[in-house]
Amino acid sequence: MRRISQRFQGIYWRQLFMTTGIVLLTLLLLGASFFLLSYNYARQERNEELKARATVVARLSAAYLRDNVFASQEELRELASFGASVSDMDFLICDCEGRALLTTEETLAGKVIIMPLELVKTALEEGEANTVSNLNGLYATRQFVVGVPVTISGDEHVGVVFAVAETTYLDIMWRGFVGLFFMTAMVVLMVAFMAASITAMRVVKPIREMVQATRRYAEGNFDIRMYDYGRSDEIGELAASFNNMAESLQETERQRREFIANISHELKTPMTTIAGYTDGILDGTIPPESERRYLEIISAESRRLSRLVRRMLDVSQLQVMEPLKVQGRFDLCESVRRVLISLEKKITDRGLDVEADIPEESILVRGDNDMITQVIYNLLENAAKFAQHGSTLYIGVAVRDSKARVIVRNLGDTIPPEELPLLFERFHKSDKSRSADKDGVGLGLYIVKTILEQHKEKIEVASEDGITEFAFSLPMEERSG
């Protein structure tokens with residue numbers, strides 16, 4: 001029972017039952033409203049008809065009724081019977097006490113008939129009385145009864161005329177309405193049930209597939225993709241977003257595996273070198289006269305390992321940061337000059353000339369000064385590292401379209417176009433650069449890209465005919481006055 005209960009708690013059944021219930025409730029409300037309006041309208045029409053006929057008979061009776069007796073009863077009976085025959089109703093002519101003086105119903109002839117006093121009183125006082133009653137058992141079934149006073153000499157009441165008609169036609173209308181209502185309701189409910197079932201299934205089926213897909217994702221299989229069924233509604237958008245999420249997860253998983261492989265390789269090399277040379281010194285394999293040279297190698301590998309760990313910490317901190325909302329104001333030209341001074345020894349050791357195109361006046365930009373200084377340092381260090389020996393290293397700052405643009409350019413090996421997007425990935429090194437960059441860890445340009453993304457900016461790179469150029473922009477601070 002619990003399993004069955006859970007089965008009917010799904011979105012499909014809830015939507016199906018809700019739609020069917022709303023349709024059924026609407027049909028019941030509309031049916032009840034229509035029946036009440038029709039019944040009241042038909043009853044009002046019947047009462048008006050009875051009143052009109054009773055009024056005619058009352059006028060005819062006034063000429064014959066004197067002191068609660070008829071001057072010519074037979075003639076009046078003929079007139080009343082004629083009116084009853086052409087209108088399918090009975091007439092009872094009573095005195096002011098409610099005693100029937102004349103009736104057109106043959107089965108009631110000769111009987112002592114006394115009408116309900118409240119009905120008589122209402123007709124005399126208000127000019128009309130109507131009800132649905134069997135008149136205290138006078139009739140076998142309930143009847144429409146309308147009474148009007150018989151008036152002479154202006155406003156003197158001498159009796160009451162009651163018109164009585166059967167309610168059979170309303171019963172027939174009721175039965176016909178009920179039969180038609182149930183037949184129509186069944187057809188509408190079947191159509192609503194099928195439409196709701198199809199609609200609910202169109203909604204539930206993609207969701208069920210997504211549930212199955214998420215279970216596959218939890219198992220590590222990111223190759224599953226959702227089919228949007230050619231829909232452009234919310235379900236289609238959800239399927240497209242789901243596929244985008246799957247692709248993002250798949251790419252994240254690829255990067256994670258690549259990251260683990262790269263970091264394992266980067267850590268393994270210096271650690272193997274350190275362990276090997278240390279063991280060689282300890283067990284005497286390396287002669288004493290060569291120990292200093294190998295200790296220098298161990299020291300260099302230790303520093304390289306330290307730099308790698310420090311860069312990994314920098315990357316970790318940058319990844320958890322949100323985009324900068326409050327940005328400082330600083331002089332970009334001054335930051336570039338400080339970086340040039342700090343890298344002067346490395347540039348000189350490489351035998352490079354520097355072409356610095358930096359304006360003398362200040363260029364104020366918005367951003368984090370320390371982070372942007374790190375970006376400039378990484379780009380300039382990278383350019384110096386891979387520049388051709390004896391070539392010229394260019395760094396320039398210019399203003400373009402209300403933004404300050406920094407350009408770093410060197411002359412060296414041309415980077416293939418297909419490799420340019422890969423430069424900013426973690427631990428990426430081209431085959432040519434591995435031999436040239438013994439101390440690098442492949443995180444400098446990745447840090448550049450991450451910092452600029454924090455500033456909602458992008459890094460651009462181009463390489464052609466041995467000239468490689470990196471460029472990025474920063475929003476300028478608006479000067480007041």
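Could you tell me which of the residues Met1, Met18 is at pLDDT 75 or above, more than 30 Å from Ile172 (Cα to Cα) and loosely packed, with under 13 Cβ neighbours inside 10 Å?
Numbers: Met1 fails: at pLDDT 75 or above.
On inspection, the qualifying residue turns out to be Met18.
Condition (residue is surrounded by fewer than 19 Cβ atoms within 10 Å (Cβ to Cβ), in contact with an Asp or Glu (Cβ under 9 Å, 6 or more places away or on another chain) and over 22 Å from Leu445 (Cα atoms)) applied to the stretch 331-346: is it met by at least one residue?
Taking every residue of the stretch 331-346 in turn, none turns out to be surrounded by fewer than 19 Cβ atoms within 10 Å (Cβ to Cβ), in contact with an Asp or Glu (Cβ under 9 Å, 6 or more places away or on another chain) and over 22 Å from Leu445 (Cα atoms).
Taking into account only those residues within the stretch 184-204 that are open to solvent by less than 70 Å² (accessible area, probe 1.4 Å) and not β-branched (Val, Ile, Thr), which is farthest from Thr19 (Cα to Cα)?
Going through the qualifying residues, I end up with Ala185.
Within the stretch 162-180, is there a residue that is under 16 Å from Leu108 (Cα atoms), part of a loop (DSSP other than H, G, I, E, B) and not charged (D, E, K, R)?
Here is the first cut: in the stretch 162-180, the ones under 16 Å from Leu108 (Cα atoms) are 162-166.
Checking the rest, the ones that are also part of a loop (DSSP other than H, G, I, E, B) come to none.
No; the residues of the stretch 162-180 include none that is under 16 Å from Leu108 (Cα atoms), part of a loop (DSSP other than H, G, I, E, B) and not charged (D, E, K, R).
When you scan the stretch 170-193, how many residues do you find that are under 23 Å from Gly147 (Cα atoms) and in contact (Cβ under 8 Å) with a residue 40 or more places away in the chain?
Selection size over the stretch 170-193: 1.
Of all the residues that make up the stretch 266-284, how many are surrounded by fewer than 11 Cβ atoms within 10 Å (Cβ to Cβ) and either modelled with pLDDT under 85 or under 59 Å from the mean Cα position of the chain (by Cα) (or both)?
Residues of the stretch 266-284 surrounded by fewer than 11 Cβ atoms within 10 Å (Cβ to Cβ): 268, 282-284.
Subset that is either modelled with pLDDT under 85 or under 59 Å from the mean Cα position of the chain (by Cα) (or both): 268, 284.
Number satisfying all stated conditions: 2.
Picking from Arg99, Arg53, which residue would you name as being modelled with pLDDT of 75 or more and buried (at least 18 other Cβ atoms within 10 Å of the Cβ)? Before the answer, list the steps.
On the way: Arg99 fails: buried (at least 18 other Cβ atoms within 10 Å of the Cβ).
It is Arg53.
Would you tally the residues in the stretch 372-389 being surrounded by 21 or more Cβ atoms within 10 Å (Cβ to Cβ), touching a residue at least 60 places away in the same chain (Cβ under 8 Å) and either of a type in the set (A, V, I, L, M, F, W, C) or in contact with a strand residue (DSSP E or B) (Cβ under 6 Å, 6 or more places away or on another chain) (or both)?
Of the residues in that region, 4 qualify.
Can you find a residue in the stretch 107-118 that is hydroxyl-bearing (Ser, Thr, Tyr) and either open to solvent by less than 50 Å² (accessible area, probe 1.4 Å) or touching a His at 6+ places or on another chain (Cβ under 6 Å) (or both)? It would help to see each step written out before you state the result.
Applying the first criterion (hydroxyl-bearing (Ser, Thr, Tyr)) to the stretch 107-118 yields 107.
Going one step further and asking which of them are either open to solvent by less than 50 Å² (accessible area, probe 1.4 Å) or touching a His at 6+ places or on another chain (Cβ under 6 Å) (or both), we end up with none.
Taking every residue of the stretch 107-118 in turn, none turns out to be hydroxyl-bearing (Ser, Thr, Tyr) and either open to solvent by less than 50 Å² (accessible area, probe 1.4 Å) or touching a His at 6+ places or on another chain (Cβ under 6 Å) (or both).
What are the pairs, 6+ residues apart or on separate chains, where a residue within the stretch 454-469 that is over 14 Å from Asp413 (Cα atoms) and open to solvent by less than 60 Å² (accessible area, probe 1.4 Å) has its Cβ under 7 Å from a residue that is assigned to a strand (DSSP E or B) and among the polar types (S, T, N, Q)?
Hits for this filter: Glu457/Ser473.
Do the conditions hold for Arg337, that is, is it of a type in the set (Lys, Arg), in contact (Cβ under 8 Å) with a residue 40 or more places away in the chain and farther than 17 Å from Ala462 by Cα? Give the steps one after another, and end with the answer.
Numbers: of a type in the set (Lys, Arg): yes; in contact (Cβ under 8 Å) with a residue 40 or more places away in the chain: no; farther than 17 Å from Ala462 by Cα: yes.
Against the criterion (of a type in the set (Lys, Arg), in contact (Cβ under 8 Å) with a residue 40 or more places away in the chain and farther than 17 Å from Ala462 by Cα), Arg337 does not qualify.
Would you point out which residue out of Ile263, Ile224, Ile207 is closer than 30 Å to Leu422 by Cβ, at pLDDT 75 or above, surrounded by 11 or more Cβ atoms within 10 Å (Cβ to Cβ) and among the β-branched types (Val, Ile, Thr)?
Details: Ile263 fails: at pLDDT 75 or above; Ile207 fails: closer than 30 Å to Leu422 by Cβ.
Ile224 is the lone residue from the list that is closer than 30 Å to Leu422 by Cβ, at pLDDT 75 or above, surrounded by 11 or more Cβ atoms within 10 Å (Cβ to Cβ) and among the β-branched types (Val, Ile, Thr).
The values are calculated or read from the model by the stated rules, or taken from the named source; none is laboratory data. Because the structure is predicted, anything quoted here is derived from the model rather than measured. Positions of Cβ are backbone-derived with ideal geometry, glycine not excepted, and every protein chain shown enters the neighbour counts. Calculation scope for accessible area: heavy atoms of the full protein, side chains included, ligands and nucleic acids excluded. Shrake-Rupley method; radii C 1.70, N 1.55, O 1.52, S 1.80 Å.
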